[in-house]
Structure formats: structure tokens, C-alpha cells
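Heads up: the structure comes next, in C-alpha cells.
Just so it is clear, none of the values below were taken in a lab; they were calculated from the coordinates. The model shown is predicted, which means the values in this text are computed figures rather than measured ones. A quick note on method: Cβ atoms are made from the backbone with ideal geometry, for glycine too, and the neighbour counts reach across all protein chains shown.
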Amino acid sequence: MTTHVVQPITAAQRRALFAAARDKGLSTDDLRAMTPKGSISMLTLPEAADLLGRLNKGTTHDRPAPPRARRPRGVIAMHPGSALLQMDSQLCRDLKIHYQWTEGALSRWLAERTLPSGTPADRPVTARDYQERIQLLKGVLKRARAAAAKEEPCPS
């Protein structure tokens, strides 16, 4: 009489099954439904190998590339053609010209200010931050120009 020893699923197979199911977008319940006994723990070594083969069928590598990281909500990609970035850059240039500031002086001035959203003025992140910074720069430039107009005599 021969005894047939049934080997249970190994810890490595169990991890591989969960990883393959996750990569395919399957839940733990979906994975359980794919097993002959309705339980992952009750799988035998050959059953686990078969299920793992079915899950990995059609894949050319162990794991697909992870999904691309997404920007947090409200964070914008600023490209050189962006209207917000162009407006911001123009106002910064105007301020530097009016006050005869260097880039470092403008950076220090911005670093000392906080936008209404609580973001430092020298590090805007979201579109809203850029809009608030533009309003700040416009206000400062408007006051500076008004003060300069009072000092200069009007041309006749």
C-alpha cells in the first residue's frame, strides 16, 4: 500500500498568487473563487502551480510595470507655454525692472511672503497658488506704479 502525501501550498506560492491576482486587478474573493476548494489555504502544491500559471498566462514577465505615478489633485504641469506661467514671469520681470532687483532679491522678497492659501509665495504648486501669486504681484506692481506716478510731474 502506497501513501500519497499531499503537499500544501508554500508561502512563496501564496505570495506569488496574491501578487499575480493584484497585478490582474483581482480581489482576494476573486482569487478564492478561482480555487477548486474555495480556499487559498487548502490548495495543494500542484493546484497552486496550476492557478499561478493561469494567472500569469499571457504575461511575458513576472510583474507588469507599476502604474505611472499621478500628480496630486490640483497640481498642474507647468510648461513654458502655460498662460499662468507666462503671466507670472512677466510680472516678475516688471517688478525686477521697477525696483531694479536682481533675481536673488526677487527670490528673497517672494520667500518672505505667504499666499492666501498658506503656500509660500516662492513655491507655488497648484493653479490656484499661481493665480494667488499673480494677484499679489499685480497688486504690488500697481501700488508701485501709483507711487511713482505721484512723484513724477505730469507731462504737459
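Side notes on the structure shown:
- Three-way shape label, the range 83-151, alpha-carbon gyration tensor, a/c 1.5: prolate
- Our coupling estimate for the range 142-149, obtained by passing each phi through the Karplus curve with A = 6.51, B = -1.76, C = 1.60 and θ = phi - 60°, is 5, 5, 5, 5, 5, 5, 5, 5 Hz, Gly and Pro reported as x.
- Taking amide H positions as modeled 1.01 Å from N, with prolines and chain starts lacking one, the residues under 5 Å from Thr114 and 5 or more places away or on another chain are Ala121.
- Here Lys138, Lys150 are placed in order of increasing Cβ neighbour count within 10 Å, fewest first, which gives Lys150, Lys138.
- Sequentially through the range 95-107, phi angles give Karplus couplings (6.51, -1.76, 1.60; θ = phi - 60°) of 5, 4, 5, 4, 8, 6, 8, 8, 4, x, 5, 5, 4 Hz, Gly and Pro residues having no value and appearing as x.
- Prolate/oblate/rounded call for the range 11-56, Cα gyration tensor, a/c under 1.5 rounded: oblate
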